[in-house]
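First up is the structure itself, then whatever we jot down about it.
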């Protein structure tokens with residue numbers, strides 16, 4: 001299994017409408033056939049010194065293997081999301097684990 005966790009920090013001037021469109025587009029990634037687990041969220045209201053709540057959106061996906069991950073990376077829905085919404089990224093961090 002490959003766990004793919006993406007944290008997005010959107011630019012400070014991103015409007016609420018743009019955030020809604022961003023989230024809606026991220027939601028389409030669940031339709032990609034190689035995605036075995038999908039979770040899209042925002043920071044939980046947990047206050048502990050080791051918990052980072054500074055990001056805007058969290059996307060957590062799981063794939064059966066590295067080949068499935070590679071299919072996801074070039075899938076038209078993933079590419080469409082990046083093309084339209086990367087302009088809103090202030091920062092992105094990705095954690096991939098096997």
### Message
Looking at residue 86 and the list (1) within 24 Å of residue 1 (Cβ to Cβ); (2) under 14 Å from the mean Cα position of the chain (by Cα); (3) loosely packed, with under 11 Cβ neighbours inside 10 Å, which single condition is not satisfied?
### Response
(1)
#### Entry: residue 81 within 15 Å of the chain's Cα centre (by Cα), surrounded by 14 or more Cβ atoms within 10 Å (Cβ to Cβ), modelled with pLDDT of 95 or more and not in a helix (DSSP H, G or I)
no
### Pair list, Cβ < 6 Å and 6+ apart or interchain, from the range 66-79 residues that are touching a residue at least 40 places away in the same chain (Cβ under 8 Å) to residues that are part of a loop (DSSP other than H, G, I, E, B) and surrounded by 11 or more Cβ atoms within 10 Å (Cβ to Cβ)
68/34; 72/32; 72/34; 75/32; 77/32
### Query
Can you pull out the strands (runs of 3 or more DSSP E) entirely within the range 1-64 that have at least 2 residues that are in contact with a strand residue (DSSP E or B) (Cβ under 8 Å, 6 or more places away or on another chain) and surrounded by 18 or more Cβ atoms within 10 Å (Cβ to Cβ)?
2-10, 57-63
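The values are calculated or read from the model by the stated rules, or taken from the named source; none is laboratory data. Every value quoted in this text rests on a predicted model; they were computed, and no experiment measured them. Ideal geometry is used to build each Cβ from the backbone, glycine not excepted, and the neighbour counts take in all protein chains shown.
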